[in-house]
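Below you'll find the structure, written out as structure tokens, and then a few comments.
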Amino acid sequence: MSASARRDTLLDSAAEVFARSGYNGASLEEIASCAGVSKALIYEHFDSKRELHIELVNRQAAEVFRRLEEAAQSGSTGEERLRRGVDAFLSYVEENRDAWRAAFRDATDAETAEAIAGVQAQSVAVIAGLMAGDPDRRQRPSGRAESQALFLELHAQLLAGAVQAVANWWYDHPEVPRTAVTDRVMEFCWIGLERASDGVVASPKRR
């Protein structure tokens, strides 16, 4: 087996173990056993469990962003591009449930948070790009260009966090069709974005 193929095998085994045990619960011994190799061989490719996990996160992120880029190149409106982007992301999660769970289930752990935060920041930028550039989308009546950019960034931040949470929830509810999940995400985000663009903001009820 070539070095690159062995590295891929180790990452696949790590994804299985991290998904099952979490980052703190997983050990290099368990990963080595799952891969059918010695722990010493893991150290030939990775210096630590943390480095192995970061590589796993980066591998998942690269594939997700590749799919999002394809989605961004299709669709004639911002809404259509966003829908295709959400569906592309959920399609990846559907095809790689354990890998997704392994990479992102421990987002608050100190040893994994930095790498995941970097991926999330990239996600926000990509999502904002998917929502922007729609010639039919009305601008917020109150804002200059920089205000519009912040407005989109805010919605992209909300959507990125919400979709990640939905993906974690979907891991435990695989019986829900992907199309239904995509529809609910779009209802959450795009309808709210359109209402905000129209200046329709619900006033808080007074007690």
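Once C-alpha pairs closer than 8 Å and six or more residues apart are averaged by separation and normalised to the residue number of the stretch 1-77, the relative contact order reads 28 percent. Extension gain, E95 to A149: 0.36 nm times the residue separation minus the Cα-Cα distance gives 16.1 nm.
Tell me, how many Å apart are the Cα centres for the stretch 87-101 and for the stretch 5-77? Taking the Cα centre of each part, the stretch 87-101 and the stretch 5-77 sit 14 Å apart.
A straight chain from R6 to E69 at 0.36 nm per residue would run longer than the Cα-Cα distance by 19.8 nm.
As a proxy for reagent exposure, T182, T77, T9 were ordered by neighbouring Cβ count within 10 angstrom, fewest first; the result is T77, T9, T182.
For A165 and A40, what does the FRET efficiency come to when R0 = 41 Å and r is the distance between their Cβ atoms, rounded to the nearest 0.05? Step by step, r from the Cβ atoms, then E = 0.60.
Every number here is computed from the coordinates shown, using simple stated rules; none is lab data. Keep in mind the model is a prediction, meaning the values are calculated, not measured. Note: ideal-geometry Cβ built from the backbone for every residue, glycine included; neighbour counts use all protein chains shown.
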